[in-house]
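Let me begin by presenting the structure, written as C-alpha cells, before commenting on it.
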C-alpha cells in the first residue's frame, strides 16, 4: 500500500515538473514562434499573432525581401565579426598568459587596468571614439587614397574598436582558466628548453581550446549584435553591418512592416545560431571548467 | 656527467617587507655520478634548494657551479639539467611519445629520426613501449611516473633533479620504484639530487644524504654515518624509525640524572662531555628487554602500549616517577611476549648511547661506529 502511495506521489511530482518545463518552453519559444508566424503571413494583423496563416494567407515575400535587403549587411557583418572575434580571443589569451603564467613585477596594476576596461560603458566613449576614427585616424580616407574603398577602411576601424573592447573580458576569462594550469607543467616546459613564446604555442594554446569556444561565441554574439558602434563609426551605407539596415528595414516601407521586420530579424540572427551550434559542445566544456 | 657545487647558497624571500631566509649558507659538493638525497621536514628549504639548482628560483647569495661553470645567472634551459616533479607535470594534450620528444625538440638540433631513436631507447629502459601513443589521462599513477622519469632520461642531462617523485604512489609501488630508480641511476651514472621528506628513501637510495632543517644544512654524510654518528640532536631524531629516544639529563658526579633516569656513565664517556646539561639519546633498536635488573644501566619500567608489526614490535615503556603518557620506545623481536601493563626491565647499553649538548644540540658523544666496518643496520 505504502508503495503505491509513494509512487503516486512521485508521479504527481513528475507531472508537476513537466508542466513547469512545458510552460517555460512555451514562455521562451512563444516570441520566436510568433515572429516566425508573422513573417510568413501576407497580412500580419489578419489573425492572432501566434496562429499560423491560412493556406491562402501564406507568403515567402517577406523572407526574400529581407534577405535581399540585408545581404550586403550580412557580408559586412561577417567581414567585421570573424576577424574581430578571432583577434580579441587570441589577444586576450596572450594577455592572460602574460598576466598569469609568467612572473614579472607590476602584474597586478596592469591586470587592474584590464579589469577596469570591462566596465567602461559604450556610451561613455562614443564621442571620443567617433572623433578618433573621424579626425585623428580616418582609416577610410587613408584607404581611399591608396585605392581601398572607404567603407572597408571604416569597417577596419570598427573591427579595431571591437577588438579593443573585447580584450579585457577575454583576458579575464582566459586568466581564470590559466590559473588552474599546473605551475609545475610550465616549469617542466621551461626546463625542457622551451622559450616563453614556445611554451605559449605548444603548451598553453593547445590546452585553451575549450576557453576559445567560450570567448568565440561570446565575442561573436557581442560584435554581431552591436548597433551603437556600427552606427557611429561606419553608419548607413556600403559598409554598414547587418544591424544598421535591420534597424531601418520596416521603416523604409509605407506600412508598419511587421512581416519583413520579423523575417529580417531571423535572417540577421541566423549566423549567431550557427556559431552556437558549431561550438556548443566545446562551449559547455569551457564553461564547466 | 658533471660535478655540482653549492657554495654558500642562500635564498631570501621577501614577504611584505620582511625578509624570510629559506636557505641559509648551504654548501655541498656533489661528485660526478653521485646520488645525493636532500632530506628534511616540510618547509625546511629542500625544495627551494632544488629549485635554485634548476634555475626556477633566483639565488640570493652564493655560487652554484655545474662542472666548474658558474650557472647562477643561466636560464633553466641552459643548465643541462632535467627535473622530475612530484605531480609528474606531464603535458596533458600530448601523447607519451610527444611528451618525451618535447624537450629534445626544444633544446637540441637533433633530427626527427634521432629524436625518435632516443625516445624509443628511453622507453625501453623504462618499460613503457606499449604506452607511446597514449595520453597521460589514460595512464595509471605508476605509468605516469615512468613517463615523467623517461622524459628526464631521454634528455641525457648532466644532472637529474627529482622533487619527491615517489610521494604520489602507493606504498608497494613506491618501494618497487625506489629500487628501480636506484638501479637506473647506477646504470646511467648521472649526478642526481633527490628531494624527499621520507627518511626511508633517504637512507636506502642516496650515496650521501644532506639533512636540512629551517633552511640550515645540518649534516652531509653517508646514510650510515648520519644514522650512527649524527652531527646533532636534530639529525639523530630525524633519521631512524622509530625516532631516537631522548632524555634531558644533568651530569652529577659519575651518573646522569633526569627524566626518570639515573644512569651511570663511565670515565671514557664522561671525558667527552664538555657540559653538564645534556640530552641522552638511545635508539629504540638498541634497547633490550631483560628479566632482571643486573646493573645501573638496567631500569625497571612498565609497558604502556605494544605495537606489533610482525617481525618486530614497538614497545612503549614508561619509567616510574614520570608523568602519564611520557614514554620511550624499545624496538624488540616480534615474538617477545610482552603486553600492556607488564613490568619489565629495559637495558640501555652504554656503547649505544649518544650525548648531545642541551643548549646547542651538538653531538658530544656518538655511539661507536667504524665507517667502513660491516654494520648491521636493522631499520
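The values are calculated or read from the model by the stated rules, or taken from the named source; none is laboratory data. The structure presented is a predicted model; accordingly, all values stated were derived computationally and were not measured. Every residue, glycine among them, receives a Cβ derived from its backbone with ideal geometry; neighbour counts consider all protein chains shown.
For the range B:167-180, the criterion of a residue being in contact with a helix residue (DSSP H, G or I) (Cβ under 9 Å, 6 or more places away or on another chain) and either assigned to a strand (DSSP E or B) or within 30 Å of residue B:12 (Cα to Cα) (or both) is satisfied by at least one position.
Using the structure shown, decide if residue B:189 is in the same structural domain as residue B:227 (by the TED database) and either in contact with a strand residue (DSSP E or B) (Cβ under 9 Å, 6 or more places away or on another chain) or surrounded by 19 or more Cβ atoms within 10 Å (Cβ to Cβ) (or both). The answer is no for residue B:189.
Part of a helix (DSSP H, G or I), out of contact with any helix residue (DSSP H, G or I) (no Cβ under 6 Å at 6 or more places or on another chain) and either in the same structural domain as residue A:268 (by TED's automatic domain parsing) or at positive phi (or both): is that true of residue A:22 in this structure? Here the answer is no, as residue A:22 does not meet what is asked. Checking B:241, B:186, B:225, B:201 one by one, the residue that is at pLDDT below 95 and more than 29 Å from residue B:315 (Cβ to Cβ) is B:186 and no other. Within the range B:62-78, the residues that satisfy the criterion of being surrounded by 15 or more Cβ atoms within 10 Å (Cβ to Cβ) and in a strand (DSSP E or B) are B:62, B:64, B:65, B:66.
Could you please find all residues in the range B:26-51 being under 12 Å from residue B:194 (Cα atoms) and surrounded by fewer than 15 Cβ atoms within 10 Å (Cβ to Cβ)? Within the range B:26-51, none qualify. Flag set for residue B:59, criterion: within 23 Å of residue A:188 (Cβ to Cβ) and either within 20 Å of the chain's Cα centre (by Cα) or in a loop (DSSP other than H, G, I, E, B) (or both). Kindly evaluate residue A:203 against the criterion of being within 8 Å of another protein chain (Cβ to nearest Cβ) and closer than 22 Å to residue B:101 by Cβ. Against the criterion (within 8 Å of another protein chain (Cβ to nearest Cβ) and closer than 22 Å to residue B:101 by Cβ), residue A:203 qualifies. Residue A:210 falls short on exactly one of the conditions (1) assigned to a helix (DSSP H, G or I); (2) over 19 Å from the mean Cα position of the chain (by Cα); (3) within 14 Å of chain B (Cβ to nearest Cβ), and that condition is (2). Checked against (1) surrounded by fewer than 19 Cβ atoms within 10 Å (Cβ to Cβ); (2) under 25 Å from the mean Cα position of the chain (by Cα), residue B:54 meets all criteria but (1).
The condition of being free of Cβ contacts under 8 Å to residues at least 24 places away in the same chain and within 14 Å of chain A (Cβ to nearest Cβ) holds for only one of B:56, B:50, that being B:56. Within the range A:173-196, restricting attention to residues that are away from chain B (no Cβ under 11 Å) and either part of a helix (DSSP H, G or I) or without any contact (Cβ under 8 Å) to a residue 12 or more places away in the chain (or both), the residue that is farthest from residue B:159 (Cα to Cα) is A:173.
Per-residue answers, yes or no, for (1) away from chain A (no Cβ under 11 Å); (2) surrounded by 17 or more Cβ atoms within 10 Å (Cβ to Cβ); (3) on the phi > 0 side of the Ramachandran plot:
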position	(1), (2), (3)
B:85	no, yes, no
B:101	no, yes, no
B:116	yes, no, no
B:126	yes, yes, no
B:139	yes, yes, no
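Residue-level analysis places residue A:48 outside the set of residues that are exposed (fewer than 13 other Cβ atoms within 10 Å of the Cβ) and within 18 Å of residue A:249 (Cβ to Cβ).
Quick check, is residue B:120 part of a helix (DSSP H, G or I) and away from chain A (no Cβ under 14 Å)? Yes; evaluated as a whole, the condition is true for this residue. So which residues in the range B:15-40 are part of a strand (DSSP E or B) and at positive phi? Selection gives B:25 alone. Residues that are within 30 Å of residue B:177 (Cβ to Cβ), outside the structural domain of residue B:159 (by the TED database) and touching a residue at least 60 places away in the same chain (Cβ under 8 Å) occur in the range B:262-283; there is at least one. Determine whether the range A:33-48 contains at least one residue that is without any contact (Cβ under 8 Å) to a residue 12 or more places away in the chain, under 25 Å from residue A:241 (Cα atoms) and not in a helix (DSSP H, G or I). No: zero hits. Within the option set B:287, B:348, being modelled with pLDDT of 90 or more, in contact with a helix residue (DSSP H, G or I) (Cβ under 8 Å, 6 or more places away or on another chain) and within 18 Å of residue B:263 (Cα to Cα) holds for one residue only, B:348.
The residues on offer are B:99, B:168, and the sole one that is more than 27 Å from the chain's Cα centre (by Cα) and either over 29 Å from residue B:68 (Cβ atoms) or not assigned by the TED database to the domain that holds residue B:35 (or both) is B:99. Could we say that residue A:259 is at negative phi, buried (at least 17 other Cβ atoms within 10 Å of the Cβ), in contact with a strand residue (DSSP E or B) (Cβ under 7 Å, 6 or more places away or on another chain) and modelled with pLDDT of 85 or more here? For residue A:259, the condition - at negative phi, buried (at least 17 other Cβ atoms within 10 Å of the Cβ), in contact with a strand residue (DSSP E or B) (Cβ under 7 Å, 6 or more places away or on another chain) and modelled with pLDDT of 85 or more - is met.
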